[in-house]
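A short write-up of the structure that comes next.
We did not get these values from a lab; they are worked out from the coordinates using the rules stated. Keep in mind it's a predicted model, so treat the numbers as computed, not measured. As a convention, Cβ positions derive from the backbone with ideal geometry for all residues, glycine included, and neighbour counts pool all protein chains shown.
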Amino acid sequence: MFSLESGSGFWNPILWIFIFFIAFLLFYGIRGFGKSAYKKDTDQTKAFLSGNEESSAEEMHVKASNLYWGFTTSMKTVYTELRKMHTGNASDYVLWFVIILAFLFLIIGVM
């Protein structure tokens with residue numbers, strides 16, 4: 001049994017296979033202690049919604065506008081300015097990237 005030794009440890013594939021096999025047996029044994037009363041495609045598979053009935057997917061969908069309402073409301077001035085600058089043209093974004101990169105290189109070069 002050969003091992004590949006390095007400065008921070010060793011690598012032995014047979015030992016690692018043995019460790020994974022022991023871990024698999026351990027996890028499989030722990031899984032065996034679970035309840036066997038579980039039945040697929042019954043009420044047990046439904047999500048628990050604090051006793052409330054499950055609605056349709058369209059009614060339960062949380063839109064991003066609702067999810068980030070507080071954030072977008074507090075940052076409304078920033079978003080309005082960013083929307084003015086947004087053109088949707090990729091070459092504009094590349095131009096801004098090159099300008100900012102040149103500015104950073106200038107600052108790094110001066111230091």
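Per this entry, Ser55 is counted among residues that are among the small types (Gly, Ala, Ser), surrounded by 10 or more Cβ atoms within 10 Å (Cβ to Cβ) and out of contact with any Asp or Glu (no Cβ under 8 Å at 6 or more places or on another chain). Among the candidates Thr72, Thr80, the residue that is surrounded by 10 or more Cβ atoms within 10 Å (Cβ to Cβ), of a type in the set (S, T, N, Q) and either free of Cβ contacts under 8 Å to residues at least 60 places away in the same chain or in a helix (DSSP H, G or I) (or both) is uniquely Thr72. Restricting the first member to segment 87-111 and to residues that are among the acidic types (Asp, Glu), and the second to residues that are in a helix (DSSP H, G or I), the beta-carbon pairs closer than 9 Å and six or more apart or on different chains are Asp92/Met85.
Condition (residue is surrounded by 10 or more Cβ atoms within 10 Å (Cβ to Cβ), within 25 Å of the chain's Cα centre (by Cα) and assigned to a loop (DSSP other than H, G, I, E, B)) applied to segment 43-50: is it met by at least one residue? Yes, there is a match, as at least one residue in segment 43-50 is surrounded by 10 or more Cβ atoms within 10 Å (Cβ to Cβ), within 25 Å of the chain's Cα centre (by Cα) and assigned to a loop (DSSP other than H, G, I, E, B).
Could you pull out the residue among Glu54, Glu59 that is of a type in the set (Asp, Glu) and outside any helix (DSSP H, G or I)? Give the steps one after another, and end with the answer.
Details: Glu59 fails: outside any helix (DSSP H, G or I).
Glu54 is the lone residue from the list that is of a type in the set (Asp, Glu) and outside any helix (DSSP H, G or I).
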